[in-house]
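Step one of this worksheet: look at the structure below.
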Amino acid sequence: MFINKQIFGAPMAGITDKPFRRIVRMFSPNAPLYTEMISCHSLVAAHKNCLRNFDKYDDEADIGAQIFGANAELMADAARILQDSGAAWIDINMGCPVPKVATRSGAGANMMRDHNLAEKIMRAVVRAVQIPVSIKTRLGWDDAHKDWADLIQIAADCGVQFAALHGRTRAQLYNGAAVLPELKKSPIPIIGNGDIKQATDVEKVLNLGYCGAMIGRAMLGRPWILGQISGECGAPSNVGKIVLRHLEYMIEYYGEKNAIPMFRKHVAWYSAGVPNSADFRIRVNGITELNELVEQICEFWGCEPNI
């Protein structure tokens, strides 16, 4: 049996927004979760077209707000804003591999090849807040530069309290198998991440010397998986009820017009592997009206509407 604090819900862009976190909390009330990664520029400028810039976390229990950027002063300012918004800790993204973040903006995974900038940012963020600071990173930029241990040591020297390590390089993106190195010693606790889908995967990570495991893509369509692994719950008896609740939260947060097209990807994940799901997804992808979407969900899963 695992304890809540060993099973983390990973930050995922376009996924781990407030509605999704509310669904996860139904099954795992106390697990540490992350926000989507938040641009320090957007947050400090309070861009109105990005709703997560205005989220409050006081009612979300153990929530880490993840920020990214390449400007130490702005990262510190963003950390202060998130602390004031109720985040339990601040996480600095040092592993996002997408070109928009890692190369064009010099943030995310770029920190793995610019340790001087990484150190400057970590020191600025740690000094800016009174809550814990963590980092999330990868093994290195590519196979020739797997220098994650150096970055972890710098983080510890800066006052960072823990780290999450994804078992791929930036060059791998999300291709190939994630392979976490064995931890013989570390200056700060490290959470293992990458291809962790079930309890046996968590056991392997802990046996390698990690203090916990972080679940990412395995949560797609299965927001109850953190609770399953920690022993808090089983799979729901009727997934359709969960889908409808998730849709309700999406509408409440984004508004009906925006929520319906955004929710299609979640419907696809929830229905994956269910008989006749391919035809169901085709029908859903053409829906623009809420009543029709609810009707299709209820028919597919055999549940009553609650919206």
Inset, instruction - Quick one: among Thr103, Thr16, Thr169, which has the greatest mean-square fluctuation in a GNM of the chain with alpha-carbon springs under 10 angstrom? - result: Thr103
Inset, instruction - Only helical DSSP H runs with n ≥ 4 go in: add -39500 (n - 2.57) per run for the chain, normalise by residue count and round the 222 nm mean residue ellipticity to 500 deg cm²/dmol. - result: -12000 deg cm²/dmol
Inset, instruction - Show which lysines lie in cross-link reach of Lys184 when reach means a straight Cα distance below 27 angstrom and same-chain residues fewer than eight apart are skipped. - result: Lys5, Lys136, Lys146, Lys197, Lys204
Inset, instruction - Please compute P(r) over all alpha-carbon pairs of segment 43-177, binned at 10 Å starting from zero, and give each bin as a whole-number percent. - result: 13, 44, 33, 10, 0
Legend entry - Lys/Arg +1, Asp/Glu -1 at C-beta; the chain dipole; positive extreme among Gly273, Gly69, Val24: Gly69
Inset, instruction - Quick one: compute the contact order of the chain, relative version, from alpha carbon pairs under 8 angstrom and 6+ residues apart, as a percent. - result: 15
Inset, instruction - Can you spot the aspartates and glutamates whose alpha carbon is less than 20 Å from Lys18's alpha carbon? Ignore those fewer than 8 places along the same chain. - result: Glu36, Asp55, Asp58, Asp59, Glu60, Asp62, Asp84, Asp91, Glu248, Glu252, Glu256
Inset, instruction - Only Lys, Arg, Asp and Glu count, each charged at its Cβ (+1, +1, -1, -1), so figure out the dipole size of segment 168-263 about its Cα centre, rounded to 20 debye. - result: 280
Inset, instruction - Take the alpha carbon atoms of segment 25-94, find their center, do the same for segment 219-296, and report the distance between the two centers in whole angstrom. - result: 25
Legend entry - Largest-first principal axis extents, alpha carbons of segment 142-278, Å: 47, 31, 29
Inset, instruction - Over segment 128-260, give the accessible area per residue in Å² for a 1.4 Å probe, as an integer. - result: 44
Legend entry - Unit Cα scatterers, Debye sum, segment 98-205: log10 I(q)/I(0) for q = 0.14, 0.19, 0.22 Å⁻¹: -0.56, -1.01, -1.26
Legend entry - Estimated vicinal HN-Hα couplings, Hz - segment 35-43 in sequence order (Karplus 6.51, -1.76, 1.60; Gly, Pro = x): 6, 4, 5, 10, 5, 5, 5, 5, 5
Legend entry - Whether segment 220-287 is rounded, prolate or oblate, judged on the alpha carbon gyration tensor where a/c under 1.5 counts as rounded: oblate
Legend entry - Charge dipole magnitude, Cβ of K and R +1, D and E -1 - the chain, Cα centre, debye nearest 20: 480
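The values are calculated or read from the model by the stated rules, or taken from the named source; none is laboratory data. All of these numbers come straight from a predicted model, not from anything done at the bench. Neighbour counts are summed over all protein chains in view; Cβ atoms, including those assigned to glycine, are modelled from backbone coordinates with ideal geometry. Heavy atoms of the whole protein, side chains included, go into the accessibility calculation; ligands, DNA and RNA do not. Shrake-Rupley method; radii C 1.70, N 1.55, O 1.52, S 1.80 Å.
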